[in-house]
Amino acid sequence: MRLAEAWRWLPRAIVLALLFFVIFGPIANMLLWTVAEKWYFPHKLPLEYGFAYWQRVFAPRGGAIESLVNSAMIACGTVVLSLAMAVPAGYALARLRLPMRGLLMLVFLMPQAFPNLPVYINIARLFYGFGLNGTYVGVILVHTTHGLMYAVWIASAAFAALDRELEEAARNIGAGPVRTFLTISLPLAAPGILASAIFVFLESLDEFTGTFFVGAPVVKTLPLLLYTATAGGNYQIASITALILLVPSIAFMFVVERFIRADVLARVGR
Amino acid sequence: MTRRLQLMSGLIAATLVSAGAPAIAETLTVMTAGDQNMVDYVNEYLAPKFEADNPGVTVQAVGTGPGDAGSQMIYERLSASAGAGAQADVDVAVVHQKMAGQMVNEDLLASYRGDIDTGSLVSRETADNALGTNVHGYVMPMFHSQTAIAYNPALVESPPKTYDELVTWVKDHSGQFGYNGIKGGMSGVSFVMGWMYAFTDDAKQLMNGPFDASISSDWADALAKLKDFNQNVVFTPGNAGTLDMLNRGEIAMGPVWVDMFYTWQSDGRLSPDLKLALIGPGMPGQPMYYVVPASAPNKDMAEKFIAMATTPDVQAEGIVKRFNWYPGIDAQYVQSKLDPETWNKLFTDVTPDDLATKGKPFPIASYFDEILEAYEKNVTN
Amino acid sequence: MRQRLLGFALVFPALATIVLLFAFPLTYSIAGAFRAEGVWTLANLAKAYDLYRSDIVFTFLIVGVSALLIASFSIAIGGYLTLGSSPTAISALRWLYRWPLFIPFIVAGQLMRTFLAKNGLMNNVLTEVGLLTPIQTVSFLDWRGIVITFVWKQTPFVALLVAGAMASLDRSMIEAARNLGASGPRILFEIVLPQVRQTLLVGIILSFVIMLSVLSVPMMINAQSPTMITANMAFRINAYGDYGVANALGLISCVMTGAISWIYLRYGIREGGRP
């Protein structure tokens, strides 16, 4: 009996081990670079370990902690704003028969469908015109234009997959449309919507270009602080940045998971 | 449900309140393109010095990323604010030559060199001419950088001294030379420019002008030779990519920026055994410039900052000693401030003689673009 | 009619944000694609096609291949999480698969560069373990590296959506099929998958859009020809200041995304209004 069990575990173990290597291989690489002070060929592992780069990142002038807090706060603000707009929009696109529904959905894809590089100069000019440059509101708005893609599309899919019979049952016993929405539709679609919240949060946390054009130098976020080093091949700083950004990301994920009763995360589709 | 609502409304309120927060008075904003060491230079050296001399002022540095891409971002910011009629957010910017020329052409910069006393300490042509554009008065060179071929002495017994020797070597050692083509980094671009200087007769005209589109027909041989040469090279993703592959021993030689090379060695990402060779007839180098936007909020302080950054003392201590960069102002003012040992460290592999004879400027902007286009059409396609 | 008005009112804030803050500046860019030297012209598009057509095809193929791989892996992961028989393996998988979500693209590009290189960490480990000799090591830093990075980063995204959708299905159908003796894969493909198809498609389309717009990954892994459209856009802007051709390339990229999404939306609409 024990042998048969062990046999059945062999393919599972192999696949899991392979998956572990594939997923954690690059991440292990990252972890090694966070503590590598000297690492070059032909050495397969770092020559010298140390926390010198952590000191560099957290140098008092750098304001890494302040930037991290700013990034997290802006990300939260983006999530709130995106969801506030995406939930009604998703419901309308999924349920109410809107003309040009397809076109509207495509509009929400646009901010990410057209690679932003040539557009930022015009966005910056627009924001200067509105006086939104250098403000947190401006940065949150820029992040929201990107976040709406996730929020609207996923919310729309979540609402569309709801079982209409449940809503009709509620209406039949006399609940008004708003009450039905708040007590039936929204809670059922909530897991999917909250999953989209995670993606909006992560996207906002990592955003550099938009934040630079609209926010710098007043608004300080972590990607702004550490972009130059990351883009320039400074692996130590790039890895430390990624490690630091993991903290609010995972924290946010835990918070969101607690709002969802099911023990598997998203319930997009029901 | 109410708890969640409270939490969310608290967050919204907090962010809205901070949205209206005004900027701190007396802040000097420095935006710099280039690698992280440029940002570190401001944060760790220039800023504390300036703040000590000018109490009540805070200096903040923002990095925009390496290479011309970083300078492009600064240009786009300045263009956007000028286009909207708003004040710029930047007091001092550090940009590459190409972008500085473009900014002067579009009237985005203030002329300030005449107002500062260190303005007279630089007489090199690069302070007045940025790839063919007259930038006199608008820029002060921060430092000069040079490209050279980095090589691994263990794998390369006798490094080539000219482009011809390099071609022979690469033919015999296929796959051991790497550069990034013209995309992704200026080290590859400068290699190609040096190639054009070596294998066409137009070197002088390329560097000084006048611009005559017809001479591009002379380049067919050089470009065909380059296409042939590329069969035996490895392409790297960019400046950092070349250094990366040198680091891992995947290539034995490649063009690099001298300052980037030294930085990677001191950061432990490159073996200390690697060396540099400046090959003939020459390879390009360029300065990076301090500039002041036309609508900078704190113009006087900006000028003061740049004046401080270009004094011989600061150039000696900061540029040469700390970072192994060639100084921006004329060498003789800086050399007298340093001990011979530190000064000579700059020239371990690339001697002052090499620099004088083989350190070239880039072609003027119009030829620069022509060569890149010609490469795209004839070498990559 | 009232429903339509209500519908528009609900969509309005989100729509207004996008139109005002993005579509409006975008029109300048799109217009820029058709202007050169002060006149309206198709020259930019022609140049973009001329110089970069192999890159355009290349981009489409890379993103297409990545999307297929992402879909396969997500279905596999979601399927096992829903139908798997060993609780330990399920928890292990659930803990494992999400990590790449949290690594930003720019960092993932860097890591893959040092991981997949000829003498990178992966090859070093394989050599140490004895599976490869140093001479056999191969660098993956070309189109394969880009595909690997995209698949690595986007699979958890789609898997998260798909696994959740699968988890909220009615288990009684699955149990019934099990009792009738159907095997795991059969249940997956004939019962579970059709019901989560739409979620899967939303995930794939969003991944498509994201992959087409990423600049950092091709820049870090393979900026040489053939490379992705975004790398060429960056090159046109940074090297030549040529916004015309850059915008033309952006337009091509946008059209690609639009085409794929449109197919999905038409298909969805034909299913009776469900997206």
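Structural remarks
- Just one residue in the set A:L186, A:L182, A:L166 is in contact with a Phe, Trp or Tyr (Cβ under 9 Å, 6 or more places away or on another chain), in a helix (DSSP H, G or I), more than 28 Å from C:F208 (Cβ to Cβ) and more than 8 Å from chain C (Cβ to nearest Cβ); that residue is A:L186.
- Residue in segment B:370-379 that is under 26 Å from B:A150 (Cα atoms) and open to solvent by 30 Å² or more (accessible area, probe 1.4 Å) present: no
- Once segment A:28-53 is narrowed to residues that are in contact with a helix residue (DSSP H, G or I) (Cβ under 6 Å, 6 or more places away or on another chain) and assigned to a helix (DSSP H, G or I), the residue that is farthest from the other protein chains (Cβ to nearest Cβ) is A:T34.
Here is a yes/no grid of residues against (1) more than 10 Å from chain A (Cβ to nearest Cβ); (2) of a type in the set (V, I, T):
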site: C:I135; (1), (2): yes, yes
site: C:F140; (1), (2): yes, no
site: C:R144; (1), (2): yes, no
site: C:T155; (1), (2): no, yes
site: C:L215; (1), (2): no, no
site: C:P218; (1), (2): yes, no
site: C:N222; (1), (2): yes, no
site: C:T230; (1), (2): no, yes
site: C:A234; (1), (2): no, no
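- Here B:M142, B:M103 are screened, and the one residue that is farther than 28 Å from B:L346 by Cα, in contact (Cβ under 8 Å) with a residue 60 or more places away in the chain and within 17 Å of the chain's Cα centre (by Cα) is B:M103.
- Any hit, segment A:58-65, residues being surrounded by 19 or more Cβ atoms within 10 Å (Cβ to Cβ) and farther than 30 Å from C:L5 by Cα: yes
- Test: residue in segment C:44-53 that is open to solvent by less than 10 Å² (accessible area, probe 1.4 Å), under 30 Å from A:N122 (Cβ atoms) and without any contact (Cβ under 8 Å) to a residue 12 or more places away in the chain: no
Per-residue answers, yes or no, for (1) open to solvent by less than 10 Å² (accessible area, probe 1.4 Å); (2) more than 26 Å from A:T34 (Cα to Cα):
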{"position": "C:L61", "(1), (2)": "no, yes"}
{"position": "C:G109", "(1), (2)": "yes, no"}
{"position": "C:A117", "(1), (2)": "yes, no"}
{"position": "C:M122", "(1), (2)": "no, no"}
{"position": "C:L141", "(1), (2)": "no, no"}
{"position": "C:A159", "(1), (2)": "yes, yes"}
{"position": "C:V162", "(1), (2)": "yes, yes"}
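- All conditions but one from (1) more than 9 Å from every other protein chain (Cβ to nearest Cβ); (2) over 18 Å from the mean Cα position of the chain (by Cα) apply to B:V256; the one that does not is (2).
- Candidates are the residues of segment C:165-182 that are in contact with a Gly (Cβ under 7 Å, 6 or more places away or on another chain) and not hydroxyl-bearing (S, T, Y); the one that is surrounded by the most Cβ atoms within 10 Å (Cβ to Cβ) is C:A165.
- In segment B:244-264, the residues that are in the same structural domain as B:K171 (by TED's automatic domain parsing) and surrounded by fewer than 24 Cβ atoms within 10 Å (Cβ to Cβ) reach residues that are modelled with pLDDT under 90 and part of a helix (DSSP H, G or I) with C-beta atoms within less than 6 angstrom, at least six apart or across chains, in these pairs: B:T263/B:N37.
- Test: C:D142 is among the acidic types (D, E) and either over 30 Å from B:G178 (Cβ atoms) or in contact with a Pro (Cβ under 6 Å, 6 or more places away or on another chain) (or both): no
- Sole residue being open to solvent by 10 Å² or more (accessible area, probe 1.4 Å) and closer than 20 Å to B:T310 by Cα, chosen from B:P66, B:P48: B:P48
- Among the residues of segment B:161-205, those identified as of a type in the set (S, T, N, Q) and either surrounded by fewer than 24 Cβ atoms within 10 Å (Cβ to Cβ) or in contact with a strand residue (DSSP E or B) (Cβ under 6 Å, 6 or more places away or on another chain) (or both) are B:T162, B:T168, B:S174, B:Q176, B:S187, B:S190, B:T200, B:Q205.
This table checks each residue for (1) more than 30 Å from C:M219 (Cα to Cα); (2) part of a strand (DSSP E or B); (3) outside the structural domain of B:T263 (by TED's automatic domain parsing); (4) within 15 Å of the chain's Cα centre (by Cα).
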position	(1), (2), (3), (4)
B:G119	yes, no, yes, no
B:V167	no, no, no, no
B:K171	no, no, no, no
B:S174	no, no, no, no
B:I182	no, no, no, no
B:S190	no, no, no, yes
B:W195	no, no, no, no
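- Residues being modelled with pLDDT under 90, facing another protein chain (nearest Cβ under 7 Å) and in contact with an Asp or Glu (Cβ under 9 Å, 6 or more places away or on another chain) are represented in segment C:44-57 by at least one member.
- From A:E203, A:E167, residue being without any contact (Cβ under 8 Å) to a residue 40 or more places away in the chain and either crowded, with 22+ Cβ neighbours inside 10 Å or in the same structural domain as A:V69 (by TED's automatic domain parsing) (or both): A:E167
- Some residue of segment B:136-151 being surrounded by fewer than 19 Cβ atoms within 10 Å (Cβ to Cβ), assigned by TED's automatic domain parsing to the domain that holds B:I329 and either of a type in the set (S, T, Y) or assigned to a loop (DSSP other than H, G, I, E, B) (or both): yes
- Members of segment A:117-140 found to be small (G, A, S) and either within 7 Å of another protein chain (Cβ to nearest Cβ) or under 21 Å from the mean Cα position of the chain (by Cα) (or both), listed by number: A:A124, A:G129, A:G134, A:G138
- Filter result for C:A89 (open to solvent by less than 10 Å² (accessible area, probe 1.4 Å) and out of contact with any strand residue (DSSP E or B) (no Cβ under 8 Å at 6 or more places or on another chain)): yes
- Within segment B:57-86, being more than 9 Å from chain A (Cβ to nearest Cβ) and modelled with pLDDT under 90 holds for one residue alone: B:D68.
- Inside segment A:80-99, residues that are open to solvent by less than 10 Å² (accessible area, probe 1.4 Å) and either touching a strand residue (DSSP E or B) at 6+ places or on another chain (Cβ under 7 Å) or within 13 Å of A:V200 (Cα to Cα) (or both) make up a count of 2.
Residue by residue, here is whether (1) in the same structural domain as A:T211 (by TED's automatic domain parsing); (2) free of Cβ contacts under 8 Å to residues at least 40 places away in the same chain; (3) closer than 14 Å to A:S196 by Cβ holds:
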| residue | (1), (2), (3) |
| --- | --- |
| A:G77 | yes, no, no |
| A:A84 | yes, yes, yes |
| A:L126 | yes, yes, no |
| A:T144 | yes, no, yes |
| A:A151 | yes, no, yes |
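- Considering each residue of segment B:289-304 in turn, none proves to be buried (at least 21 other Cβ atoms within 10 Å of the Cβ), in contact (Cβ under 8 Å) with a residue 60 or more places away in the chain and under 30 Å from B:D221 (Cα atoms).
- Candidates B:D354, B:D339, B:D330, filtered to the one that is acidic (D, E), more than 14 Å from every other protein chain (Cβ to nearest Cβ) and open to solvent by 40 Å² or more (accessible area, probe 1.4 Å): B:D339
The values are calculated or read from the model by the stated rules, or taken from the named source; none is laboratory data. Just so it is clear, the structure is predicted and the values come from calculations on it, not from any experiment. Quick reminder, even Gly has a Cβ in these numbers, built from the backbone with ideal geometry, and neighbours come from all protein chains shown. For accessibility, only protein heavy atoms count, side chains too; no ligands or nucleic acids. Shrake-Rupley method; radii C 1.70, N 1.55, O 1.52, S 1.80 Å.
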